[in-house]
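The values are calculated or read from the model by the stated rules, or taken from the named source; none is laboratory data. Treat the numbers as computed from the prediction; the structure is a model and nothing was measured. A quick note on method: Cβ atoms are made from the backbone with ideal geometry, for glycine too, and the neighbour counts reach across all protein chains shown.
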């Protein structure tokens, strides 16, 4: 059931802190159509996003907390965060680059997840530019941080465009060959935060293939067709229509927690389209990344309380994380995630919102 209360953005006071000697704050964006977004430089999190539903009512479609403590205390501090240095998993916490083995912190046994024990989601970024519709933040990930090589200078820009899209632009350089895989980890509920499960949302993915996983959620190395499986979203289907099938891959992920191999990824056409069954809000995802992780909120457990007082019950949010494939450094046949000294890493993802016609 859609929440009829008017959504609110978080208060600045909950985000005015000093962490690791650096000040955090809240930044509000608003476009000419009245859509609004809240962002903090703690973890470069997208905290809330208000867009109109089919009746013109502003609806918060991004799950978030009322203060930094909410993110700190959450079992998953990834809600809305910028993820790095390497989004998703690296098997057994190590990889080899230029003939040298690098060992990472294992924070998702037996693997490394989303950068390690203190990823980009848990550091304070420097705000270098902000205005009514955009904010740019930078972070220096020092050589050896979480075990990764190279001093990595990272820049992320959020822009709330006038066509009700959040455009996220990433850029990075390094002084030593390294690996990088940045993404945003927003959880969406297109009917509004706390409105119930996302199982009746429809989803379409322009992906004829996906990467199967083992029981620890690491890709097996296979690129497998989705045809004839519960992973076939080439035609729109509800998220919940096949989620309880006895398919071994769904058992491994406890639902959907898989990387989809995108057919095309040049930012000109959407690679994913989701629709809220009650709100009529449509989310289109554009990216130049080769993959997208579809996560159906399987580990949400009701232990966290959101900005509007509702809790994170299982599958009340879903993620569409644009990315290179999980564990790519250990799979030579996957697209490379290496960033060489002297090169510049650049990637763009757009989450665009409209209403069903």
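With respect to residue 15, is the statement that it is buried (at least 17 other Cβ atoms within 10 Å of the Cβ), in contact with a helix residue (DSSP H, G or I) (Cβ under 7 Å, 6 or more places away or on another chain) and closer than 18 Å to residue 135 by Cα true?
Answer is yes for this residue.
Could you check segment 70-88 and list, in sequence order, the residues that are buried (at least 24 other Cβ atoms within 10 Å of the Cβ) and assigned to a strand (DSSP E or B)?
As a first pass, look at segment 70-88 and keep what is buried (at least 24 other Cβ atoms within 10 Å of the Cβ): 71, 78-82, 84-88.
If the condition is that a residue be buried (at least 24 other Cβ atoms within 10 Å of the Cβ) and assigned to a strand (DSSP E or B), then 82, 86 are the ones that fit.
Can you confirm whether residue 174 is touching a helix residue (DSSP H, G or I) at 6+ places or on another chain (Cβ under 9 Å) and either buried (at least 16 other Cβ atoms within 10 Å of the Cβ) or modelled with pLDDT under 95 (or both)?
Spelling it out, it is not the case that residue 174 is touching a helix residue (DSSP H, G or I) at 6+ places or on another chain (Cβ under 9 Å) and either buried (at least 16 other Cβ atoms within 10 Å of the Cβ) or modelled with pLDDT under 95 (or both).
Condition first: surrounded by fewer than 16 Cβ atoms within 10 Å (Cβ to Cβ) and in contact (Cβ under 8 Å) with a residue 60 or more places away in the chain. Now tell me which residues in segment 315-337 satisfy that. Talk me through it step by step, then tell me what you get.
Of all residues in segment 315-337, those surrounded by fewer than 16 Cβ atoms within 10 Å (Cβ to Cβ) come to 332-333, 335-336.
Matches in segment 315-337: 333 only.
Which is under 22 Å from residue 272 (Cα atoms) and touching a helix residue (DSSP H, G or I) at 6+ places or on another chain (Cβ under 9 Å), of 162, 181, 191?
181
So for segment 39-52 (the condition being out of contact with any helix residue (DSSP H, G or I) (no Cβ under 7 Å at 6 or more places or on another chain) and at pLDDT below 95), does at least one residue qualify?
Checked against the condition, which is being out of contact with any helix residue (DSSP H, G or I) (no Cβ under 7 Å at 6 or more places or on another chain) and at pLDDT below 95, segment 39-52 yields no hits at all.
When you scan segment 87-98, do you find a residue that is modelled with pLDDT under 95 and within 30 Å of residue 354 (Cα to Cα), even just one?
Checked against the condition, which is being modelled with pLDDT under 95 and within 30 Å of residue 354 (Cα to Cα), segment 87-98 yields no hits at all.
If the requirement is being within 27 Å of residue 90 (Cα to Cα), in contact (Cβ under 8 Å) with a residue 24 or more places away in the chain and touching a strand residue (DSSP E or B) at 6+ places or on another chain (Cβ under 9 Å), which of these qualifies: 308, 252?
So the residue among 308, 252 that is within 27 Å of residue 90 (Cα to Cα), in contact (Cβ under 8 Å) with a residue 24 or more places away in the chain and touching a strand residue (DSSP E or B) at 6+ places or on another chain (Cβ under 9 Å) is 252.
Please indicate, with yes or no, whether at least one residue in segment 291-299 is surrounded by fewer than 21 Cβ atoms within 10 Å (Cβ to Cβ), touching a strand residue (DSSP E or B) at 6+ places or on another chain (Cβ under 7 Å), assigned to a loop (DSSP other than H, G, I, E, B) and touching a residue at least 40 places away in the same chain (Cβ under 8 Å).
yes
Condition test on residue 127, is it buried (at least 16 other Cβ atoms within 10 Å of the Cβ), within 18 Å of the chain's Cα centre (by Cα) and over 22 Å from residue 320 (Cα atoms)?
no
Hey, can you tell me all the residues within segment 196-229 that are in contact (Cβ under 8 Å) with a residue 24 or more places away in the chain, over 17 Å from residue 320 (Cα atoms) and surrounded by fewer than 18 Cβ atoms within 10 Å (Cβ to Cβ)?
Within segment 196-229, 214, 215, 216, 221, 223 qualify.
Is it true that some residue in segment 277-285 is within 19 Å of the chain's Cα centre (by Cα), touching a residue at least 12 places away in the same chain (Cβ under 8 Å) and part of a loop (DSSP other than H, G, I, E, B)?
Among the residues of segment 277-285, not one is within 19 Å of the chain's Cα centre (by Cα), touching a residue at least 12 places away in the same chain (Cβ under 8 Å) and part of a loop (DSSP other than H, G, I, E, B), which makes the answer no.
Regarding residue 261, is this residue touching a residue at least 60 places away in the same chain (Cβ under 8 Å), within 22 Å of residue 215 (Cβ to Cβ) and surrounded by fewer than 23 Cβ atoms within 10 Å (Cβ to Cβ)?
Working: touching a residue at least 60 places away in the same chain (Cβ under 8 Å): yes; within 22 Å of residue 215 (Cβ to Cβ): yes; surrounded by fewer than 23 Cβ atoms within 10 Å (Cβ to Cβ): yes.
Taking the combined requirement at face value, the residue satisfies it.
Residues that are more than 30 Å from residue 36 (Cβ to Cβ): find the strands (runs of 3 or more DSSP E) completely inside segment 136-251 holding 1 or more of those.
In segment 136-251, 152-160, 165-174, 209-211 are the strands (runs of 3 or more DSSP E) which contain 1 or more residues that are more than 30 Å from residue 36 (Cβ to Cβ).
So which residues in segment 94-124 are crowded, with 18+ Cβ neighbours inside 10 Å and assigned to a loop (DSSP other than H, G, I, E, B)?
Once the filter is applied, which keeps residues that are crowded, with 18+ Cβ neighbours inside 10 Å and assigned to a loop (DSSP other than H, G, I, E, B), segment 94-124 yields 104, 114, 115, 116, 119, 123.
Give the number of residues within segment 162-181 that are under 30 Å from residue 309 (Cα atoms) and touching a strand residue (DSSP E or B) at 6+ places or on another chain (Cβ under 6 Å).
Residues meeting the conditions: 5.
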